[in-house]
Each structure stands twice: as structure tokens, then as C-alpha cells.
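Bear in mind that the values in this text are calculations on the coordinates, not laboratory data. These numbers come from a predicted model, not from an experiment. Virtual Cβ from ideal backbone geometry, glycine too; neighbours counted across all protein chains shown.
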Amino acid sequence: MRGLARQAVPWHAGRVAARVAARCALLSLLVASRAEGDDLTVGRGGTYATLTAALAAAKPGDRVIVQAGTYREPTLVVRTPRLVLEGQGWPVLDGEGQREVLVIAADDVTVRGFVATNTGVSNLEDRAGIRARDVRNCVIERNRLRDNLWGIYLQRSADCIVRENDIEAHGLKQTESGNGIHLWYSPGARVERNRVRGHRDGIYFEFSPHGETRDNVSERSQRYGLHFMFSDSCSYERNTFRENNSGVAVMYSRGVVISANRFERSWGSAAYGLLLKDISGGAVTDNVFDRNSTGLFVEGSSRLEVRGNHFTQNGWAAKVLADADENVFSGNRFSGNAFDVTTNSRSANSTFDGNWWDEYDGYDLDRDGVGDTPFHPVRLFALVVEQHAAALLLLRSPLVSILDAAERVLPVLTPEALVDRHPLMRPPR
Amino acid sequence: MNIVRLVLQAGLRDLSRNRWIVAYTLAFLGIAEGLFWFGGTGPQVLLSMLNLVLLVLPLVALVFGTIHVYASREFVELLLAQPVPRRELFAGLYLGLALPLAAAFLVGAGIPFAVHARAGASLGGVAALLGAGVGLSLAFAALATWIALHTDDRLKGVGLALGTWLAATVVYDGLVLGAAAAFGNYPLERPLLGLMLANPVDVARVLVLTQLDVSALMGYTGALFEHTFGTALGTSIAAVALLAWCAVPLLLADRRFRTRDF
């Protein structure tokens with residue numbers, strides 16, 4: 001998929017290569033600094049009693065090893081570059097409900113193995129469990145964040161890595177909660193194998209292009225499992241978004257690649273498995289949309305490639321509004337949805353070709369695997385419900401089946417042009 | 001009560017010897033089994049069976065029911081010549097019709113689901129389907145009894161039964177759809193929910209739907225639907241509505257039966 005992203009946006013290829021080179025350099029730097037720096041031990045039996053003291057004494061390239069225990073100190077600020085902070089036996093950094101816990105304010109800093117907890121709620125400041133502020137190449141890995149207003153917050157920090165963190169917040173209202181992993185003006189981030197639960201938005205990207213988000217699990221968010229805006233050329237792969245209040249929202253971005261993710265069980269009147277708004281030139285491939293109120297919602301987006309996805313047991317599998325144009329749906333699998341496709345106009349600005357529909361009842365005389373009669377995925381009843389929501393009560397009524405059948409024979413109201421001329425006889429793969 | 005049993009027994013014997021009821025059982029058995037056989041998963045079979053229950057079951061109960069009541073007229077007249085309380089005779093007559101119908105459905109549709117228990121149909125869904133089917137059988141048997149006792153002309157009676165079937169399965173929903181479209185600007189959800197209760201076929205559909213098609217129930221309407229019918233209270237309300245659809249025609253038919261000059 002990386003390659004695909006590059007193909008889609010060739011003008012970024014140089015930058016990607018530069019970034020990879022920068023990362024390699026960083027890696028060698030880290031290895032080198034590890035060898036030359038000193039170890040500073042904090043906690044029981046260590047040289048320093050407090051982390052604050054150790055951080056003040058540390059030189060670039062040192063390693064600060066923190067023993068198990070609970071540390072209640074003023075907000076810790078790392079100002080020394082190339083420092084490695086390592087917790088052993090899960091030391092707890094406690095914000096006591098009063099303050100931010102840890103701030104990274106120097107380049108090339110690594111934070112690993114801590115429990116950051118209890119920032120408390122504030123309406124005046126965005127308190128984070130771990131924040132990176134105006135830095136480059138930070139690594140935040142294998143930490144546990146519990147009941148913080150914001151979990152991990154990257155603020156104007158480039159090329160950082162956030163991985164294998166476990167982030168959880170409980171019982172907060174949407175207005176009193178921040179995001180699990182929050183990126184703001186932080187290009188080139190890699191967010192991998194994290195687990196986020198119960199925050200407002202699980203993972204949030206704003207003005208943060210060229211990010212890679214892989215293998216994360218984001219669930220039970222109070223709003224979106226993943227939310228991103230104005231972040232071009234990002235890729236999302238193999239993530240699982242589950243039981244998020246409003247699903248996943250992707251807005252105002254170009255060249256986004258969304259691949260092999262699972263979007264599950266987003267319920268409610270404004271809940272979408274995946275909401276795409278004003279996205280252009282991206283790809284949505286090989287994802288699974290399972291039991292969402294609306295699986296895929298496409299609004300004002302163009303030139304999207306929607307391919308190889310599996311839509312199963314959703315209320316509406318795909319809602320494609322009329323202001324979305326030149327999108328191509330092919331090789332997708334639609335099964336067990338109440339409605340496969342709906343739209344809000346009679347014209348069809350997106351193309352459906354070569355998908356598999358469980359409601360297709362055509363035949364294949366020449367046995368080439370493609371049905372000989374076209375399939376109209378928009379049911380009359382879907383349009384009726386679109387206009388008169390209350391009519392939903394008649395779902396699966398015999399009358400509705402009759403109306404749908406009649407409309408399929410002689411389309412009067414449904415968009416005649418929205419048609420799959422090459423419906424597959426067997427589900428792909 | 002003795003009389004009820006006797007008449008019931010006579011009715012049952014009569015019906016069990018009747019090839020129609022056997023064919024009816026076998027039809028349900030064959031269709032449900034066939035749906036599983038041809039690779040249907042549990043939820044898919046449930047949905048197909050729901051269509052069958054909503055369309056075929058009322059039709060059979062109404063047409064077969066009216067014909068049955070007309071056919072047992074001579075038997076009823078014979079018994080009425082004896083010192084037999086009319087109410088008990090009526091109870092026997094109705095139960096002799098409704099119980100075999102319900103049992104035929106229960107056996108025909110229930111066995112395949114029991115056999116294919118591992119096909120993934122939710123227990124709640126199957127229970128709702130079987131419950132709705134039994135309720136519909138009882139309700140439309142009551143309606144059939146009433147129709148047959150009300151009209152002496154058999155042809156007219158069967159015609160009325162067919163008309164009732166059409167009204168309950170298709171026409172009523174058409175009117176509801178029309179109302180939803182015509183008054184679309186008003187908050188219609190609650191009145192429409194009420195209208196659903198006023199038709200046994202819709203009650204049955206709603207009962208099953210809340211158990212198996214949850215994903216389709218979305219948006220405000222869906223939420224309200226779920227809140228109203230998805231709870232234990234809602235299910236009880238729907239069940240009570242179905243029972244009312246048995247009780248009211250039965251009371252009317254019973255009054256007719258008691259006052260009628262045979």
C-alpha cells in the first residue's frame with residue numbers, strides 16, 4: 001500500500017525517501033548515543049530520588065532508568081536531546097488530577113515503559129499524559145496511559161513514532177475528554193499497534209500529512225475511533241475500529257489510503273463505519289464493514305477507488321451522496337445488508353462495476369462469472385426511507401418486496417444510471 | 001369442559017385425517033429444510049421464513065379456516081340438537097381449527113431450525129419467528145371463524161377471507177406508507193408505531209424484526225422502534241396486541257354463535 005500511495009502522489013516520493021533516510025540516520029544515532037551515554041537510575045536504590053532531579057542532571061545521549069513506584073512530581077519536561085527514558089516494572093507517573101504528566105521538549109527522545117495517569121479534567125488547558133512539543137524524531141512506545149484528559153499528544157512534532165501503547169479512559173463525558181492519540185501539525189508520524197479505549201476520539205490527525213497508521217485497535221470512543229482532517233497522503237492499514245460512538249471520520253484530505261481495516265458495530269443515527277467527506281484521489285480497499293448503521297458514507301468526495309471491500313450486515317452498506325463524483329466501486333462484496341446502496345438523487349456520479357451482490361438474482365449463460373443482466377443496487381424502499389424516515393417501520397413488509405420488485409422491472413424513481421452492468425456471480429476471493 | 005374436549009377431539013381427528021394439514025406441515029418442513037440445504041445461513045433462512053410466515057400463514061389460516069368451519073356445520077347442528085352448552089361447543093370448534101394450524105406450523109418450521117441449530121440463527125430470532133407464527137395462526141383462525149359464522153353464503157365467506165388477507169398483508173401497509181409520505185413533515189414515528197399494533201401481520205413482523213434485523217433499525221426511527229419494541233415491555237405489548245387479535249374476533253364470533261339460529 002505504501003507503493004500505492006507513492007504512485008498516487010508521485011510528487012511526494014522524494015520527501016518520503018528523505019524521511020526514510022532521516023529515520024535510518026536517527027536509528028544509527030540512537031544506537032551510537034546509547035553506547036556513549038551514562039545510565040541514571042531513579043527510585044529505590046537509584047542515584048536520584050525524583051525524575052525531576054535526574055532530568056536536570058542528564059546529558060544528551062544518557063539513559064534515565066526509572067524503577068517501579070509512584071512518582072508525584074510537577075510536570076516533567078524533557079529538555080535534553082537524545083535522552084532515553086525507560087521505566088522498569090511500570091513506574092507510575094501521577095498527575096494527581098492537577099497537571100500534565102510528561103512533556104518531551106527536545107529532539108530524538110525516547111519514552112518507554114511508563115504508566116502515565118490522572119491528568120484531571122481542565123477546560124482551560126489541554127492536559128496530556130505524554131506530550132511532544134515542537135520536536136523531531138521522538139519515540140513513545142510501550143507505555144500505559146490511564147484516565148488522562150488527552151493520552152499522547154504530538155504538537156508540531158515531526159517524524160515521531162507512537163507504538164504499542166495502551167491508552168484507556170473511563171467514564172468521561174464527551175465534553176470532558178480529549179483524544180487518545182492526538183496529532184496536530186505533526187507530519188510523518190507512525191502510529192502502530194496501539195490500543196485506545198474510551199477517549200473522545202481514539203486517534204486524531206489534524207494538519208499532519210504523510211502519517212502511517214497501522215495495526216491499531218481503537219474502540220468505544222465517545223466520538224470517532226479515528227478522526228482526521230487536512231492530513232494529505234496518509235495511510236491507514238489493518239486497524240480495527242470497533243463500537244465507536246460515531247465510527248470513523250476522514251475529512252478534507254487528498255491521497256488517503258485506507259486499506260485492510262475493520263470497521264465494526266458503529267450504531268446510531270449519526271454513526272458511520274467510515275465517513276468520507278471532501279476526500280479526493282484516495283483508495284479504500286480490502287476493508288471489512290461489519291454491522292454498522294451506515295457502513296461507508298461518502299460525501300463531496302471524488303476520484304476514490306473503492307475496491308475489494310466486504311460490506312456485511314450493515315443497515316446501509318454504502319451511502320453515496322450526489323455531490324460525490326467519479327468514485328469507482330469495484331470488486332466489493334455486499335451481503336446481508338438491509339440496504340446495499342442509497343443516494344439522494346436520480347443521477348449517478350459514481351460508478352459501480354463488477355461487484356458481488358447477495359440480492360442479485362440474474363443468470364450467467366456464457367459462464368464467464370459475470371451476470372448477464374445488470375443489477376440496480378438502489379432499492380425503491382431505500383429512497384422512500386431516505387425521504388420519509390418513519391417509513392422504515394415497513395422494513396421487510398411483503399408490500400415493500402412487491403414495490404421493490406416492480407421498481408426493478410420498470411425503474412421510475414430509482415437512479416437508472418446507478419447500475420452495476422457486470423455483477424459478479426461469485427463473491428470475490 | 002368435557003364437551004370442549006369431545007368437540008376438540010372430533011375436530012382434531014377430522015383435521016389430522018385431512019390431507020391439507022399434513023401437506024401444510026410438510027410444506028413448511030420442506031421449505032425451511034430446503035433453505036438450509038441450499039446453503040442458507042441461519043439468519044438468511046430466518047428472513048426467508050419470515051416472508052413465508054407473513055404471507056402464506058394468514059392466507060392458509062383464513063381460507064382453510066373458513067372452509068373448515070363451513071364444512072363442520074352439519075356436525076355442529078347435530079351436536080346442537082343435544083343438550084350441549086353453545087359456548088363449549090364453540091370453544092371446541094375454534095380450538096379444533098386453531099391448534100392443528102399452529103401445531104402444523106410449529107412442527108414444520110421448528111424442526112429444521114432445531115436440526116440446524118448450529119447454522120447460526122439466534123435463539124431469540126427463532127423463538128420470535130415461531131411465536132409470531134403461532135400467534136398469527138391463532139389470530140387468523142379466529143378471524144376465519146368469525147367470517148364463516150357471519151356469512152351463510154360460502155362463496156362470499158371465502159371471498160371475504162381472501163379480502164381480509166389482502167388487506168392485512170398488503171393494503172394496510174400501503175396505506176401506512178401513503179400516510180408516512182403524505183404527513184412526512186410531522187413527527188410520525190409514534191403514531192405509526194401505534195398503527196403497526198393495529199394489524200396482526202405488522203405486529204408479527206415487528207416482533208421478529210426486533211429480534212433479528214437489528215442492524216437495519218437505525219436513525220431516529222430505528223432507535224425509537226428498538227426502544228419501543230426491542231425491550232421486554234415492547235415484546236409483551238406486541239404479544240398482547242396479537243392476543244387481542246385472537247380475542248376480539250373470537251368474542252364477536254362467539255356472540256354470533258350463541259345468538260345464531262342454525
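Over chain B, with a Gaussian network built from C-alpha contacts below 10 Å, which listed residue (B:Thr66, B:Thr145, B:Thr41) shows the highest mean-square fluctuation?
Fluctuation is largest for B:Thr41.
Go ahead and run the numbers for FRET between B:Ile111 and B:Leu55, Cβ-Cβ distance against an R0 of 25 Å, rounding to 0.05. Provide the component values of the computation, followed by the final result.
Numbers: r = 21 Å, r/R0 = 0.84.
Approximately 0.75, to the nearest 0.05.
Go ahead and collect, in residue order, the members of the range B:62-79 whose backbone nitrogen is under 14 Å from a label point 7 Å along the Cα-Cβ direction of B:Asn18.
B:62-76
Determine the distance separating the Cα centre of the range B:168-196 from the Cα centre of the range A:284-332; give it in Å without decimals.
31
Return one number: the angle in degrees, 0 to 90 and rounded to the nearest 10, between the long axis of the Cα atoms of helix B:19-37 and the longest principal axis of the Cα atoms of chain B.
With both axes taken from Cα atoms, the answer is about 20 degrees.
For A:Met229 and A:Thr52, FRET efficiency with R0 = 51 Å and r from the beta-carbon atoms, rounded to 0.05? Kindly include the intermediate steps, with their values, before the conclusion.
On the way: r = 37 Å, r/R0 = 0.72.
Taking R0 as 51 Å, the efficiency between A:Thr52 and A:Met229 is 0.90.
Please list log₁₀ I(q)/I(0) at q = 0.11 Å⁻¹ for the protein assembly as shown, using the Debye equation with identical point scatterers on the alpha-carbon positions.
-1.07
Report the extension gain between A:Glu176 and A:Val412 in nm, rounded to one decimal, defined as 0.36 nm multiplied by the number of residues separating them, less their alpha carbon distance. Mind dumping the intermediate values first?
Values: separation 236, 0.36 × 236 = 84.96 nm, distance 4.97 nm.
Computed gain between A:Glu176 and A:Val412 is 80.0 nm.
Going out from 0 in 5 Å bins, what whole percent of all Cα-Cα distances in the range B:33-174 drops into each bin?
Calculated over all Cα pairs of the range B:33-174, the distribution is 2, 10, 18, 18, 15, 13, 10, 7, 5, 2, 1, 0 percent.
Using a 7 Å offset from the Cα along the Cα-to-Cβ direction at both A:Val370 and A:Gln387, what is the distance between the two label points in nm, to one decimal?
For A:Val370 paired with A:Gln387, the spin-label model returns 3.4 nm.
For each of A:Val139, A:Val109, count neighbouring Cβ atoms within 10 Å of the residue's Cβ, then give the residues from fewest to most. Show your work: numbers first, answer last.
Values: A:Val139 19, A:Val109 24.
Final ranking by Cβ density, sparse to dense: A:Val139, A:Val109.
Within chain A, which complete DSSP H helices have Cα atoms spanning at least 24 Å along the helix axis and a mean Kyte-Doolittle hydropathy of 0.5 or higher? Before the final figure, lay out the partial values.
Working: long enough: A:13-36 (35 Å, 0.88).
Qualifying helices: A:13-36.
Looking only at B:Pro85, B:Pro100, B:Pro187, which one moves most when chain B is put into a Gaussian network model with springs between Cα atoms under 10 Å?
Fluctuation is largest for B:Pro187.
Top mean-square fluctuation among A:Leu410, A:Leu85, A:Leu296, Gaussian network model of chain A, C-alpha springs under 10 Å?
A:Leu410
What is the diffusion coefficient of the range A:2-371 in µm²/s, taking the Kirkwood radius over Cα pairs and the Stokes-Einstein relation at 10 °C with a viscosity of 1.306 mPa s? It would help to have the intermediate numbers written out before the result.
Numbers: Rh = 21.6 Å.
The diffusion coefficient I find is 74 µm²/s.
Given a Förster radius of 60 Å and the C-beta distance between A:Asp38 and A:Ala270 as r, what FRET efficiency does 1/(1 + (r/R0)^6) yield to the nearest 0.05? Kindly include the intermediate steps, with their values, before the conclusion.
Working: r = 54 Å, r/R0 = 0.90.
Efficiency at R0 = 60 Å is approximately 0.65.
Please arrange B:Val7, B:Val84 by counting, for each residue, the other beta carbons lying within 10 Å of its beta carbon, fewest first.
Working: B:Val7 24, B:Val84 17.
Lowest to highest Cβ neighbour count: B:Val84, B:Val7.
I need A:Ser345, A:Ser302, A:Ser231 ordered by Cβ neighbour count within 10 Å, fewest first. List each step's numbers first, then the result.
Details: A:Ser345 13, A:Ser302 17, A:Ser231 25.
Lowest to highest Cβ neighbour count: A:Ser345, A:Ser302, A:Ser231.
What's the average, rounded to a whole number, of partner chain beta-carbon atoms within 10 Å of each residue's beta-carbon in A:311-322? If you can, show how the numbers build up before the last one.
Values: counts 0, 1, 5, 3, 8, 4, 0, 0, 0, 0, 0, 0.
Counting other chains' Cβ atoms within 10 Å and averaging over A:311-322 gives 2.
Considering only C-alpha atoms, what is the centroid distance from the range A:65-121 to the range B:52-84, in Å?
82
What is the pair-distance distribution P(r) of chain B, computed from all Cα-Cα distances in 10 Å bins starting at 0, with each bin given as a whole percent?
Bins of 10 Å from zero give 7, 28, 32, 22, 9, 2, 0 percent of pairs.
What is the distance, in nm, between label points placed 7 Å from the Cα along the Cα-to-Cβ direction at A:Asp361 and at B:Leu233?
Computed distance between label sites A:Asp361 and B:Leu233 equals 4.0 nm.
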